[in-house]
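Undergrad: One structure follows; several queries about it will come next.
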Amino acid sequence: MWTYTNPVKIRFGAGSFQALASAIEGRRYAVVTYPDEGFRRLVAGLAENAGDPALVIDDVAPNPDLKLLGSQCGRFAELDRPVELIVAVGGGSVLDSAKVFALAAGDFDRVRTCLEAGQPCTTEVIAMIAVPTTAGTGSEVTCWATVWDNAAGKKYSLSRPALYAETAIVDPELMIGKPRALTVSTGLDALSHALESIWNVNANPVSARFAVAAAREILDCLPRLIEDLANLDLRTRMAEAALFAGLAFSNTKTAIAHNLSYPITLDYDVPHGIACSFTLPVVLESVADLTGFRGSALRAIHGDDLSAGARSLKSWMVSLGVATGVEEIGIAIERWDDIVTAAFVGERGRNFVGDKTSFGAAAKSLELV
């Protein structure tokens, strides 16, 4: 028996950003975005069609941190009356921040308490429209967000079904011109979401089909896109693949590669998309004997011989200029051993259908360590 659920209404295609004003439906809204000039122009254009936002949070930083999130939440509390809607326009950090604001509704302390105590947050949630501007995060169709506490060296996951956006507007035109490094990192994040949803105890046949479609498209499209960053057709293909990956792991969460990634991002400042993907060939090798619909899904992506597929995936990543070794990333082997041990006992590690012994053997075989 299995189930699949995703309640987000999706508007996809070039020019779909123009539908945002009508999706707001005259509600009092706040905008969450980045401080860059391009995003200011998007907000200004939105205001012309939907009226001025009641609040603009435009100082979102990568890997949203508790301290900044608390300050930003305070701005919602200062409004003369609450907003009815949050519009998030940006990458994963913007969408994750917007989910925190939606749950906090101006009171960050209750969110902090839930995060630090590991308890569910049982508060009302502000409605949200998600407009991703990168092809990678999938956050526009998931109900969780990653929150960092850099001072304490911790990472938290905020998860609540009410945090699904009511609408996701995916416009590939907003992704044109994004730099090569960002395009690679976000594309690899999407690939990781797809593969992690397959070698996952929570996988189901529907999530697997989304994952296969996403992974095959990314493997074919990403090398072409990074050589032609202004190509709308390639941006559209990558946007759809990232969306499909989001629809896949929205029902499974991630697994071991992501659990390995968190301390690497926190302690070594490695971009999330790189940190969660450089171990993918090793994870694939470690489950080369996987059977059932999960094994079939992986073979639909990588071919009948998954060990050969793992080596091919490593070569593919090298061709993108991505490090595929622990020391290349800058991690001492002794530290790596601790990271692996902790990752396998964490929640995302427990989602993985494989085991630590097979992972260790694969790491040596593929020269990860």
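Undergrad: I'm trying to understand the selection: among the residues of the range 184-207, which are open to solvent by 10 Å² or more (accessible area, probe 1.4 Å) and among the small types (Gly, Ala, Ser)?
TA: If the condition is that a residue be open to solvent by 10 Å² or more (accessible area, probe 1.4 Å) and among the small types (Gly, Ala, Ser), then 185, 203 are the ones that fit.
Undergrad: Looking only at the range 75-90, which residues are touching a helix residue (DSSP H, G or I) at 6+ places or on another chain (Cβ under 7 Å) and either open to solvent by 40 Å² or more (accessible area, probe 1.4 Å) or of a type outside the set (A, V, I, L, M, F, W, C) (or both)?
TA: The one that is touching a helix residue (DSSP H, G or I) at 6+ places or on another chain (Cβ under 7 Å) and either open to solvent by 40 Å² or more (accessible area, probe 1.4 Å) or of a type outside the set (A, V, I, L, M, F, W, C) (or both): 90.
Undergrad: Another one. Can you find even one residue in the range 3-16 that is over 19 Å from residue 96 (Cβ atoms), open to solvent by less than 70 Å² (accessible area, probe 1.4 Å), outside any helix (DSSP H, G or I) and of a type in the set (Ser, Thr, Tyr)?
TA: For the range 3-16, residues over 19 Å from residue 96 (Cβ atoms), open to solvent by less than 70 Å² (accessible area, probe 1.4 Å), outside any helix (DSSP H, G or I) and of a type in the set (Ser, Thr, Tyr): present.
Undergrad: Considering the range 326-346 alone, what residues qualify as being part of a loop (DSSP other than H, G, I, E, B) and more than 13 Å from residue 264 (Cα to Cα)?
TA: 346
Residues are listed down the side, and each one gets a yes or a no for (1) open to solvent by less than 70 Å² (accessible area, probe 1.4 Å); (2) hydrophobic (A, V, I, L, M, F, W, C); (3) on the phi < 0 side of the Ramachandran plot:
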position: 324; (1), (2), (3): yes, no, yes
position: 328; (1), (2), (3): no, no, yes
position: 337; (1), (2), (3): no, no, yes
position: 343; (1), (2), (3): yes, yes, yes
position: 353; (1), (2), (3): yes, yes, yes
position: 362; (1), (2), (3): yes, yes, yes
position: 368; (1), (2), (3): yes, yes, yes
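Undergrad: Using the structure shown, decide if residue 253 is modelled with pLDDT of 95 or more and on the phi > 0 side of the Ramachandran plot.
TA: Details: modelled with pLDDT of 95 or more: yes; on the phi > 0 side of the Ramachandran plot: yes.
When the stated conditions are applied, residue 253 passes them.
Undergrad: Yes or no: residue 105 surrounded by 15 or more Cβ atoms within 10 Å (Cβ to Cβ), of a type outside the set (Asp, Glu) and in contact (Cβ under 8 Å) with a residue 12 or more places away in the chain?
TA: Answer is yes for this residue.
Undergrad: How about the range 201-228: which of its residues are part of a helix (DSSP H, G or I) and out of contact with any helix residue (DSSP H, G or I) (no Cβ under 7 Å at 6 or more places or on another chain)?
TA: First pass over the range 201-228, keeping only residues part of a helix (DSSP H, G or I): 205-225.
Selection gives 206, 209, 220.
Undergrad: While we're on this one: Kindly indicate which of 308, 288, 332, 275 is within 21 Å of the chain's Cα centre (by Cα), closer than 16 Å to residue 363 by Cα and of a type in the set (A, V, I, L, M, F, W, C).
TA: Checking each option against the conditions leaves just 275.
Undergrad: Would you be able to tell me the number of residues in the range 162-183 that are within 28 Å of residue 237 (Cα to Cα) and either open to solvent by 40 Å² or more (accessible area, probe 1.4 Å) or part of a loop (DSSP other than H, G, I, E, B) (or both)?
TA: If we filter the range 162-183 for residues that are within 28 Å of residue 237 (Cα to Cα), which is where we start, we get 163-183.
With the extra rule that they be either open to solvent by 40 Å² or more (accessible area, probe 1.4 Å) or part of a loop (DSSP other than H, G, I, E, B) (or both), the set shrinks to 164-166, 171, 173, 176-182.
Residues meeting the conditions: 12.
Undergrad: Next question, about the same structure. When only residues in the range 111-157 that are of a type in the set (A, V, I, L, M, F, W, C), touching a Phe, Trp or Tyr at 6+ places or on another chain (Cβ under 6 Å) and closer than 30 Å to residue 240 by Cβ count, which is modelled with the highest pLDDT? Full working, then the answer.
TA: Looking only at the range 111-157, we keep the residues that are of a type in the set (A, V, I, L, M, F, W, C), and these are 111, 114-115, 117, 121, 125-131, 135, 141, 143-145, 147-148, 151-152.
Now drop any that are not touching a Phe, Trp or Tyr at 6+ places or on another chain (Cβ under 6 Å), which leaves 115, 143, 147.
Add one more test, that the residue is closer than 30 Å to residue 240 by Cβ, and what stays is 143, 147.
Details: 143: 96, 147: 92.
The extreme case among them is 143.
Undergrad: So which pairs qualify, if the first residue must be in the range 32-48 and farther than 17 Å from residue 176 by Cβ and in contact (Cβ under 8 Å) with a residue 12 or more places away in the chain, the second must be outside any helix (DSSP H, G or I) and open to solvent by 20 Å² or more (accessible area, probe 1.4 Å), the Cβ gap must be under 6 Å, and the two must be at least 6 apart or on different chains?
TA: 33/58; 35/58; 35/59
Undergrad: For residues that are open to solvent by less than 60 Å² (accessible area, probe 1.4 Å) and either assigned to a loop (DSSP other than H, G, I, E, B) or within 14 Å of residue 132 (Cα to Cα) (or both), tally how many sit in the range 20-34.
TA: Matching residues across the range 20-34 total 7.
Undergrad: Which of the residues belonging to the range 46-74 are open to solvent by less than 40 Å² (accessible area, probe 1.4 Å), among the small types (Gly, Ala, Ser) and in a helix (DSSP H, G or I)?
TA: Across the range 46-74, the qualifying residues are 47, 50, 70, 74.
Here is a yes/no grid of residues against (1) among the hydroxyl-bearing types (Ser, Thr, Tyr); (2) assigned to a loop (DSSP other than H, G, I, E, B):
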site	(1), (2)
230	no, yes
262	yes, no
282	no, no
289	no, yes
300	no, no
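The values are calculated or read from the model by the stated rules, or taken from the named source; none is laboratory data. Please read these numbers as outputs of a predicted model, since none were measured by experiment. Methodologically, a virtual Cβ is constructed for each residue, glycine included, from the backbone with ideal geometry; neighbour enumeration extends over all protein chains shown. Accessible surface areas use protein heavy atoms only, side chains included; no ligands, DNA or RNA. Shrake-Rupley method; radii C 1.70, N 1.55, O 1.52, S 1.80 Å.
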